[in-house]
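S.K.: Structure incoming, see below.
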Amino acid sequence: MLPKADAVADAWALPDELTLRQASSTLARLLGALKAQPQGQGVRIDAAPLRVFDSSALAVLLECRRSALATGRAFAVDGLPVALGGLAALYGVEALLNAPA
């Protein structure tokens, strides 16, 4: 079961900028939060803070999804910016970020 969007911890919120420069540190923070989370709890990423991003943001989200699913957790993204959703559609991965796992 995924926590409600208003219960998303700061650990699950993306920064306002997520480009190649921030990708490694952001991914490390998110994967650390995943490891610290009790087994069985879903992962809900808050992408609403994103203002500046590139395809690295998609890579971070997809790796978080992969890691969550590998440990049997559900995965969801809230507040995906329209432009990032368009980029996901361009790359053919939009369904991976929108569909409940």
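S.K.: Picking from L50, F75, S24, whose Cα lies most toward the positive end of the charge dipole for the range 20-101 (charges on Cβ: Lys, Arg +1; Asp, Glu -1)?
M.R.: About the Cα centre, the residue reaching furthest to the positive side is S24.
S.K.: List, largest first, the extents of the alpha carbons of the range 37-91 along their principal axes, each in whole Å.
M.R.: Projected onto its principal axes, the Cα set of the range 37-91 covers 32, 21, 14 Å.
S.K.: Output the 0 to 90 degree angle, nearest 10, between the alpha-carbon long axis of helix 82-91 and the longest principal axis computed from the alpha carbons of the chain.
M.R.: Taking Cα atoms only, the helix is inclined about 90 degrees.
S.K.: Could you work out how far helix 55-70 tilts from the main Cα principal axis of the chain, as a 0 to 90 degree angle to the nearest 10?
M.R.: 20 degrees
S.K.: Also, I was wondering about something else. At 222 nm, what helix-only mean residue ellipticity would the chain give, in deg cm²/dmol to the nearest 500, using -39500 (n - 2.57) for each DSSP H run of four or more? Spell out each step's value before the answer.
M.R.: On the way: 4 runs with 48 residues, N = 101.
For the chain, the value works out to -15000 deg cm²/dmol.
S.K.: What FRET efficiency comes out for the pair D54/V82, r = Cβ-Cβ distance, R0 = 25 Å, nearest 0.05?
M.R.: Efficiency, from the Cβ-Cβ distance: 0.95.
S.K.: Can you give the Kirkwood hydrodynamic radius of the chain from its Cα pairs, in Å with one decimal?
M.R.: The Cα-based Kirkwood calculation yields 13.3 Å.
S.K.: Follow-up question, since we're still on this one. For the residue pair A33 and L20, what label-to-label distance in nm results when each label sits 7 Å from Cα along the Cα-to-beta-carbon direction?
M.R.: 2.5 nm
Quick note: the coordinates plus some simple rules give every number you see, no bench work behind them. Bear in mind that the values here come from a model prediction, so they are computed numbers and not experimental data. All Cβ positions, even for glycine, are placed from backbone atoms using ideal geometry, and neighbour counts span all protein chains on display.
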